[in-house]
């Protein structure tokens with residue numbers, strides 16, 4: 001009997017799973033393995049919300065394998081050590097896994113390859129599992145560069161790249177009797193009360209329903225903050241309960257402007273992955289330094305605390321931050337506005353904001369989180385690094401009747417009209433009766449400070 005191991009990481013699904021497909025095609029028995037990696041928590045990546053969503057995903061993955069005659073083997077500890085133990089226990093000749101892009105994922109692959117070689121076990125790393133197009137598959141022609149630093153030319157090349165056909169979920173998975181498994185984790189206390197449900201079953205249900213009811217209108221409605229018309233698929237793409245390649249195929253099959261706009265957003269995800277794969281240090285260092293001297297000290301700390309808690313005095317910013325606290329998720333337009341407010345209006349280091357997002361976001365992905373923060377802060381790939389998003393102007397454009405603000409900032413639920421976006425303009429007695437804070441900083445003052453800091457005229 002030949003045995004192969006499939007090491008699941010950010011690909012917690014059975015549909016369109018190249019490592020699992022290859023393992024089943026080449027071995028008599030397969031060990032589907034997930035390691036609860038202590039290194040993830042030690043590195044600061046294991047937030048309560050993501051651990052809860054992960055628990056849902058693992059339970060669903062195990063249930064799907066059991067329906068096919070198999071089971072999920074769960075171990076806890078160091079990934080290299082636990083994989084090595086399974087190899088020893090089963091005599092496995094190959095370990096299959098999806099390629100990662102972060103520095104942590106790249107080190108994990110190197111350690112596994114070095115540890116498995118003496119045991120005569122081969123590590124097979126599969127591309128285009130957590131992304132639609134593999135990082136490095138498309139590079140600028142004739143430039144000698146190893147990645148695209150600007151999105152639009154990347155999108156053009158990416159759009160012309162042929163995607164592999166998705167694999168069907170296997171009908172049967174035969175797992176050897178020997179390897180013992182730790183208990184499946186369960187949701188713990190301390191997560192956001194509105195946290196979504198995880199797992200491949202839920203991800204596929206969500207995508208099917210949204211493709212039917214929401215995709216066609218996506219181009220027109222994706223920035224409608226109150227309408228909540230985005231797909232909400234980002235957690236499932238982060239944990240790999242949905243295949244990006246399959247999602248793109250099915251969206252393109254539906255056709256229309258909405259599908260085109262949605263596929264473009266999937267491409268943004270691939271774009272950030274290919275940047276991080278080429279420049280792993282961008283997860284913690286400026287991709288393009290602006291020589292910023294970020295504000296520090298008591299005032300900056302107090303304003304950052306107000307930002308985290310959703311009490312800056314700017315309603316749309318506070319609404320988005322409170323949505324994050326409640327759901328472990330935030331509307332994409334809200335992410336742009338809150339990031340711009342911290343990094344440019346308050347002129348606080350983008351890393352402080354990225355760290356807070358990673359503590360709460362269920363879709364907290366190193367590539368997308370860090371590089372989106374850098375894009376907004378002007379230290380990343382944005383071709384207009386000094387743009388500043390005005391929270392009042394943006395609120396009136398993307399939440400014109402204030403429904404989003406009223407939903408998340410109950411202090412302002414009774415304020416009518418556009419005044420909900422500028423409560424400081426209300427009569428003093430009415431304003432004081434709201435129990436809502438005054439703005440932490442004036443926008444004109446903050447803009448002047450930012451321009452001076454960046455050396456702009």
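Please treat every number below as a calculation from the coordinates, not as lab data. In this text, all values refer to a predicted model and were calculated from it rather than measured experimentally. Quick reminder, even Gly has a Cβ in these numbers, built from the backbone with ideal geometry, and neighbours come from all protein chains shown.
Hey, what number do you get for the chain at 222 nm if only DSSP H runs of n ≥ 4 count, each worth -39500 (n - 2.57), divided across all residues, to the nearest 500?
The helix-only estimate for the chain comes to -13500 deg cm²/dmol at 222 nm.
Let me make sure I get this right: for the range 363-405, a, b and c are the square roots of the gyration tensor eigenvalues over alpha carbons, sorted descending. Under 1.5 in a/c it's rounded, otherwise prolate if a/b > b/c, else oblate. Which is it?
Taking the square roots of the gyration eigenvalues as a ≥ b ≥ c, the range 363-405 is oblate.
So, R0 is 35 Å and r is the distance between the beta-carbons of residue 66 and residue 325; what FRET efficiency does that work out to, to 0.05?
Efficiency for this residue pair is about 0.45.
Before anything else, pin down the relative contact order of the chain: Cα pairs under 8 Å, at least 6 apart, normalised by residue count, whole percent.
Result for the chain is 18 percent.
Cut-off is 10 Å between beta-carbons; in what order do 1, 97 appear when sorted fewest neighbours first?
So the ranking, lowest neighbour count to highest, is 1, 97.
Kindly identify the range 255-318 as rounded, prolate or oblate by the Cα gyration tensor criterion: order the square roots of the eigenvalues as a ≥ b ≥ c, call it rounded if a/c is under 1.5, otherwise compare a/b with b/c, prolate if a/b is larger, else oblate.
Here the range 255-318 falls in the oblate category.
Compute the long axis of helix 443-454 from its Cα atoms, compare it with the longest principal axis of the Cα atoms of the chain, and write down the angle in degrees, 0 to 90, nearest 10.
Computed tilt is about 60 degrees.
If you fit an axis through the alpha-carbon atoms of helix 48-67 and take the longest principal axis of the Cα set of the chain, what angle between them do you get, 0 to 90°, nearest 10?
30 degrees
Below 8 Å, C-alpha to C-alpha, sequence gap of six or more: please give me the relative contact order for the range 168-269 in percent.
Computed over the range 168-269, the figure is 26 percent.
Just want the ordering: 330, 321, from fewest to most Cβ atoms lying within 10 Å of their own Cβ.
With the fewest neighbours first, 330, 321 line up as 330, 321.
How far apart, in nm, are two points set 7 Å out from the Cα along the Cα-to-Cβ line at residue 302 and at residue 428?
Distance between label points: 2.2 nm.
At a threshold of 8 angstrom on Cα-Cα distance, excluding pairs fewer than six apart, so keeping six or more, what relative contact order does the range 3-127 reach in percent?
Averaging sequence separation for qualifying contacts and normalising by length gives 33 percent for the range 3-127.
Subtracting the Cα-Cα distance from 0.36 nm times the residue separation, let me have the gained length for residue 168 to residue 448 in nm, one decimal.
Between residue 168 and residue 448, full extension yields 95.2 nm more.
Extending each Cα 7 Å along its Cβ direction at residue 197 and residue 392, get the distance between those two points in nm, one decimal.
Inter-label distance under the simple model: 4.4 nm.
I'd like the orientation of helix 315-327 relative to the chain: the angle between its Cα long axis and the longest Cα principal axis, in ° from 0 to 90, rounded to 10.
Taking Cα atoms only, the helix is inclined about 30 degrees.
Calculate the radius of gyration of the Cα atoms of the chain to one decimal place, then report Dmax, the largest Cα-Cα distance, as a whole number, both in Å.
For the chain, the Cα-based Rg and Dmax read 23.3, 80 Å.
Gap in Å between the Cα centre of the range 265-281 and the Cα centre of the range 414-435?
What the calculation gives is 42 Å, centre to centre.
Would you mind telling me the antiparallel percentage of the DSSP bridges in the chain, rounded to 5?
Antiparallel bridges make up about 0 percent of those DSSP assigns within the chain.
Rounded to two decimals, what is Rg over Rh for the range 298-454 when you use alpha-carbon atoms and the Kirkwood radius?
Rg divided by Rh gives 0.95.
With each pseudo-label sitting 7 Å past Cα toward Cβ, what's the residue 182-residue 152 distance in nm, one decimal?
Label-label distance for residue 182 and residue 152, simple model: 4.9 nm.
How big is the C-alpha Rg of the range 3-127 next to the rule-of-thumb value 2.2 N^0.38 Å, as a ratio?
1.00
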